[in-house]
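Enquirer: Pasting a structure below so you can have a look.
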Amino acid sequence: MPEATKKRHIDEEMITLRLRVHRSNAPRIKEYAQTVEAEDKRNYTVAEVFPEYIGKEQQVAIRAYRYRENLTQRQLAELTGIPQRHISEMENGKRVIGKELAKRLAKALNADYKVFL
């Protein structure tokens, strides 16, 4: 006769998220997550959580989409035909991202090109 086994409880409402963030941002991310878990009804803007990124949306977008797609700068350069140093300069705000480059980046990163402009 089969022995009864204890099944693990699965909470259908909870999921696990893994994030890669800079070490200096980790405390703010944890605080925000705790606020969300406490069901605080207040919404926070990115600017409130990360004020140092105001005005740097395009640079952050390239890096974020590249991380999402698990690509290095070199791999993105190969996919887009954009030199790797230019991608680095765009991510660091030292190079302007034109419409044509934005479209090439968007195609490689599965995104809307307007987020890079």
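Each value in this text was obtained by applying a stated rule to the coordinates, not by laboratory testing. Everything quoted here is computed from the prediction, not taken from an experiment. Positions of Cβ are generated from backbone atoms using ideal geometry, with glycine treated the same way; all protein chains shown enter the neighbour counts.
Enquirer: Determine the relative contact order of the stretch 76-117: mean sequence separation of Cα pairs under 8 Å and six or more apart, normalised by residue count, in whole percent.
Expert: Working: 32 pairs, mean separation 13.4, N = 42.
Averaging sequence separation for qualifying contacts and normalising by length gives 32 percent for the stretch 76-117.
Enquirer: Let me ask something additional. Separation between the Ala38 and Arg74 pseudo-spin-labels, each 7 Å from Cα along Cα→Cβ, expressed in nm?
Expert: That separation, rounded to one decimal, is 4.6 nm.
Enquirer: What net charge do the residues around Asn92 carry, taking every other residue with its C-beta under 15 Å from that of Asn92, with Lys and Arg at +1 and Asp and Glu at -1?
Expert: Working: positive: Lys56, Arg63, Arg66, Arg85, Lys94, Arg95; negative: Glu52, Glu57, Glu89, Glu91.
That works out to +2.
Enquirer: What pairs from Lys94/Lys114; Lys30/Lys107; Lys30/Lys103; Lys56/Lys114 go past 25 Å between their alpha carbons? If you can, show how the numbers build up before the last one.
Expert: Values: Lys94/Lys114 19 Å; Lys30/Lys107 33 Å; Lys30/Lys103 34 Å; Lys56/Lys114 14 Å.
Lys30/Lys107; Lys30/Lys103, as the Cα separations exceed 25 Å there.
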